[in-house]
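**Q** Let me give you the structure first, and then I'll get to my questions.
A short reminder: the numbers here are calculations on the coordinates, not readings from a lab. Please read all numbers here as calculations on a predicted model, not as lab measurements. When we count neighbours, we look across all protein chains shown, and the Cβ atoms used for this are built from the backbone with ideal geometry, even at glycine.
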Amino acid sequence: MDALLLSLKLALCVSAILLVVGVPLAYWLAQSPWRGKFLLEAIVALPLVLPPTVLGFYLLVAMGPRGPLGKFWQFFFGHGLAFSFEGLVLASVLYSLPFAVQPLLASFEGVDCKLLDASAVLGAGKLRTFFRVILPLSIPGVVTSLVLSFAHTIGEFGVVLMVGGNLPGVTRTVSIDIYDHVQSLEYADANRMALVLLAISFFVLAVVYALNRRVGRRLWSPWTAQ
Amino acid sequence: MVTVDCAINSAALAVRVRKQLPRARSTSFLLDVSFKVLPGITILLGPSGAGKSTVLDCIAGLLRPDAGKISVDGDVLFDSEGGTDRPIQARRIAYVFQSLALFPHMSAEENVAYALHHLPKEERSTRTQEILKAFRVETLRTRKPSEISGGEKQRVALARSLVTQPRVLLLDEPLTGLDAELKAAIVDDLRAWNAARRIPVLYVTHSRDEVDALGERVIAMENGHIVSEGTPHEVLEAPRRKKLAQAAGFENLLEGTVVDLREADGVMRVRLAESVCEIEVPLGYAAVGDRVRLAIRAGDILLATARPQGLSARNVIEGRILTMERRGNLVSARVNCGVIFIVHVTPGAVRTLELAEQSQVWLVLKTHSCYLVAD
């Protein structure tokens, strides 16, 4: 149960951070006329195609005692980043970034630009237009983004293993717990955990597709994302 | 309180805008207009693609002109020379888009109150109720745009744009898709609202029908330029040229007199000067009896050696070849049909048809190959 609680805690933290990071990032990607923004789009999408071990490897190096992130963390918080919960959160945020940004971007871009013109003509600045028009019309995208970040973080394995190791209560998440159980031939325990994950994943995808149906257009689907 | 504020507002909108616009297929489009809009409704008339909406976007500040000056009663909103470019939010210009752009997640009341967020709650509510009433939509306060009819949406959109007490109102075909009666009712309410305030209203449309019903003044635009300006009567009936084709590049420039207007077909018949020869040309701003000039490209005229039948082309003119002259890959023939036409044909056609001087021929001309030109 420790592993499940840890996974839920991790997923909650990551989803919250991704919402705060993803909303401005997606808004910038949707609005910026900058020609080179495809580079940033490619970087955000990298975790979709990169093997988790590659991402995990570089993060581990960066977070290690001699890596830049590790040194920074050591200086300010007095302990290392690798094999810690904080390190796991940071790695998961990067790994789930495309799942958070893509639905947000799709719904921000889907807002009729005439509405934004109308808002400006009615005297609203960019900030007011965002909070009164763009964001309220993008609620399905925000929910999709949150739900996918949450689910993707719960289900991740490779990055967690690389960066977090397998410390019970600190970095041993559900997926790693299942792996451990299987390695020790404890199939009943593995099955129990796997069922929970299966249920969560199904619930999450059902929510996403129900939202897509209500919005009448695709904010996200596994077929377009991968 | 409201009237005092608006009495100061009654003023003219002066616009001078030049903008190069990229268009599809690498042909660029130059918008170059200069006009004044006085208090009351002025119609900006022209076919789609004439640049009408672009003008409105420039006035509202959604687009930046390459050069020009836009001012409301001397208050400069944009001036390329002075470096003035007031932000959209600070222009106090109301703009109703063709799509209306009502916020779909807000009720009619919330839509209208959107621009009043800086006011105290009580005043905001008073002003909102007042304008909803003026446009007869006070009973729809709590409804979302998706829950009201097209005409009601248009009323809410007008109320939303006017509740800010703007200095100018821009309307981009906001009443398209409404039947004439409903349209007239909405315009009456707009007129009533504007009677006390007298702000300039610029109403864009491509429909000639709306001109008489709505406008006190009309500005006709085509291809990014103003082609005529005046009262609806002057613009629609006076002998002005709708198509301002450049005379250069046309081998045939013919004088003529309008003998018949067929508005329903969008054509008129023109008798060519000093002949009995009549041809059908696209409808222009002209009246029966007006003198007009037509331009026709020599390459747009077909030549036949027998009277052709079953053609979609409306003009078949009998004539006789006067002279033929070879010019590189084509032959230029002068044909006498009462007036002289210059016709370009290929050397191959000359051989096959056995064309020679004094041959009897028939000229075939499509209506839309005939251009009205300015004097």
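**Q** What ranking of B:C58, B:C337, A:C113 emerges when the number of other C-beta atoms within 10 Å of each C-beta is taken as an exposure proxy, fewest first?
**A** Fewest to most other Cβ atoms nearby, the residues stand as A:C113, B:C337, B:C58.
**Q** For every other residue with a beta carbon closer than 13 angstrom to the beta carbon of A:G169, add +1 if it is Lys or Arg and -1 if Asp or Glu, then tell me the sum.
**A** 0
**Q** I've got another one for you. Determine, from the Cβ-Cβ distance of B:D212 and B:Q358 and an R0 of 60 Å, the FRET efficiency 1/(1 + (r/R0)^6), rounded to the nearest 0.05.
**A** The calculated FRET efficiency here is 0.70.
**Q** Any idea how far the Cα center of the stretch B:253-273 sits from the one of the stretch A:54-99, in Å?
**A** For the stretch B:253-273 versus the stretch A:54-99, the Cα centre distance is 81 Å.
**Q** Follow-up question, since we're still on this one. If I model a spin label as a point 7 Å beyond the Cα along the Cα-Cβ vector, how far apart are those points for B:E318 and B:Q20 in nm?
**A** 5.3 nm
**Q** Exposed loop GluC sites (Glu not before Pro) only (DSSP loop, at most 14 other Cβ atoms within 10 Å): please give the longest stretch of chain B free of them, not including the sites.
**A** In chain B, the maximal stretch lacking such sites is B:82-215.
**Q** Tell me what the protein assembly as shown gives for mean residue ellipticity at 222 nm when only DSSP H runs of n ≥ 4 count, each as -39,500 (n - 2.57), the sum divided by the residue total, rounded to 500 deg cm²/dmol.
**A** Calculated mean residue ellipticity at 222 nm is -13500 deg cm²/dmol.
**Q** Considering the Cα trace of the stretch B:252-373, what is its radius of gyration and what is Dmax, both in angstroms?
**A** 14.6, 44
**Q** If we count other beta carbons within 10 Å of each Cβ, what is the order of A:F99, A:F157, A:F203, fewest first?
**A** Ascending Cβ contact count within 10 Å gives the list A:F203, A:F157, A:F99.
**Q** Would you look at the GNM of chain A, springs on alpha carbons closer than 10 Å, and say which of A:V170, A:V23, A:V121 moves the most?
**A** So, out of A:V170, A:V23, A:V121, the one fluctuating most is A:V121.
**Q** For chain B, find the longest principal axis of its Cα atoms and tell me its angle to the long axis of helix B:180-197, 0 to 90°, nearest 10.
**A** Approximately 60 degrees, to the nearest 10.
**Q** Right, another one. Which of the listed residues, B:I186, B:T231, B:A157, is farthest toward the dipole's positive end in the stretch B:134-240, when Lys, Arg count +1 and Asp, Glu count -1 at the beta-carbon?
**A** The listed residue farthest towards the positive side: B:A157.
**Q** If you don't mind, another one. Debye sum, Cα scatterers, the stretch B:2-237, no solvent: what log₁₀ I/I(0) at q = 0.11, 0.17 1/Å?
**A** The Debye formula, applied to the Cα set alone, gives -0.56, -1.31.
**Q** Using a Gaussian network for chain B with springs between C-alpha atoms less than 10 Å apart, which of these wobbles most: B:S107, B:S312, B:S80?
**A** Its mean-square fluctuation being the largest, the pick is B:S312.
**Q** As a test of the definition: which semi-axes, in Å, follow for the stretch A:129-217 when you take the square root of five times each eigenvalue of its alpha carbon gyration tensor? Largest first, please.
**A** Taking √(5λ) for each Cα gyration eigenvalue gives 34, 16, 7 Å.
**Q** What does the charge count near A:D189 come to, summing +1 for each Lys or Arg and -1 for each Asp or Glu among other residues with Cβ under 14 Å from its Cβ?
**A** -2
**Q** For the protein assembly as shown, which semi-axes, largest first and in whole Å, follow from the square roots of 5 times the eigenvalues of its Cα gyration tensor?
**A** Largest first, the protein assembly as shown gives 65, 36, 21 Å.
**Q** At 7 Å along the Cα-to-beta-carbon direction for both A:F76 and A:Q183, put a label point, then send me their distance in nm to one decimal.
**A** The answer from the label model is 3.3 nm.
**Q** Under the classification rounded if a/c is under 1.5, otherwise prolate if a/b is larger than b/c and oblate if not, where does the stretch B:84-190 fall, given a ≥ b ≥ c as square roots of the Cα gyration tensor eigenvalues?
**A** Because a/c hits 1.5 or more and a/b fails to exceed b/c, the stretch B:84-190 counts as oblate.
**Q** Here is a further query. With Cβ to Cβ distances under 11 Å as the rule, what net charge do the other residues near B:Y203 carry (K, R +1; D, E -1)?
**A** -2
**Q** For chain B, set up a Gaussian network in which alpha carbons nearer than 10 Å are linked by springs, and say which option among B:G150, B:G177, B:G230 fluctuates the most.
**A** For chain B, modelled as a Gaussian network with Cα springs under 10 Å, the answer is B:G177.
**Q** If each residue's Cβ is checked for other Cβ atoms within 10 Å, how do A:H152, A:H181, B:H225 rank with the fewest at the top?
**A** B:H225, A:H181, A:H152
**Q** When the scattering of the stretch A:2-225 is computed by the Debye formula from its Cα atoms alone, each counted once and equally, what is log10 I(q)/I(0) at q = 0.15, 0.17, 0.18 Å⁻¹?
**A** One equal scatterer on each Cα of the stretch A:2-225 leads to -1.02, -1.20, -1.29.
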